[in-house]
Amino acid sequence: MDRRFVGFFFIGLGIIILILIIYFLFFFKFNKPQDVPKQQEATSTPVVKTVVEPPKILEVKPVTKEELDQEGVKRLAASFAERFGSYSSHSNFQNMEDLKLFMTDKMKTWSEDFVKTQALKQAGNTEYYGITTKAVTKKMLDFDESKGVAKVLIQTQRRETVGSAGNPVSFGQSIEVSLLKQGGTWKVDQAYWKDR
């Protein structure tokens, strides 16, 4: 007989035996009826009774529509602040273009003027500049649903990089975001960065 044939025969036989062992271990071990433990004879040990207290019911106050509206306004302001405060010299102020959907006409005009001014300042400057912004806290300063005005103070953590090999600098900075309700939708009307 060929040695390779004998080797394959023993390997195949070993695999079959291994499969049978696994089969018997899993199917016969778990399918056997379990022995019912015999009841222990009564002993003289004392019986301890456990008293279970009913669960305490927490009173949940329903959230009002105004609270929901305020939370939505704060989230919108925080998202706007993060995108508004994150840009790089390579993105050509794309963040401002992306945010126009969330701006009033007044804010759109301001952002277009800002982009033109900054583009002129950066003309010819090849050094990289980038900054990322992350909202940390949101505080409602003013909210009047009937007048359609709101003002939110967002505390952010910012990370600034100057030059391609520059070490990033982190700092905290607040931004005050004013919103107006136009056509049933909240839009950003003003955004002012506070001093670092």
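Readers should treat all values here as calculations from the given coordinates under stated rules, not as data from a laboratory. Everything quoted here is computed from the prediction, not taken from an experiment. All Cβ positions, glycine included, derive from the backbone under ideal geometry; neighbour counts span all protein chains shown.
For the range 88-193, a simple Cβ point-charge model (Lys and Arg +1, Asp and Glu -1, everything else neutral) yields a dipole of about 180 debye relative to the Cα centre. Ranked by the mean number of other Cβ atoms within 10 Å of their residues, highest first, the peptides 171-177, 15-21 come out as 171-177, 15-21.
Rounded if a/c is under 1.5, else prolate if a/b is larger than b/c, else oblate: which is the range 88-193, with a ≥ b ≥ c the root eigenvalues of its Cα gyration tensor?
It is oblate, given that a/c is not under 1.5 and a/b is not larger than b/c.
Step through the table entries K106/K181; K116/K181; K106/K151, compare each Cα-Cα distance with 23 Å, and write down the pairs that go over it. Where the Cα-Cα span goes over 23 Å, the pairs concerned are K116/K181. Taken over the range 92-154, the convex hull of the Cα atoms encloses 110 Å³ per residue.
In nm, to one decimal, how far is the K100 label point from the Y128 one, both placed 7 Å along Cα→Cβ? The modelled label-to-label distance comes out at 2.8 nm.
Taking 0.36 nm per residue of separation and subtracting the Cα-Cα distance, full extension of the segment from F9 to D195 would add 58.9 nm. The K116 and S146 beta-carbon pair, evaluated with R₀ = 22 Å, returns a calculated FRET efficiency of approximately 0.05.
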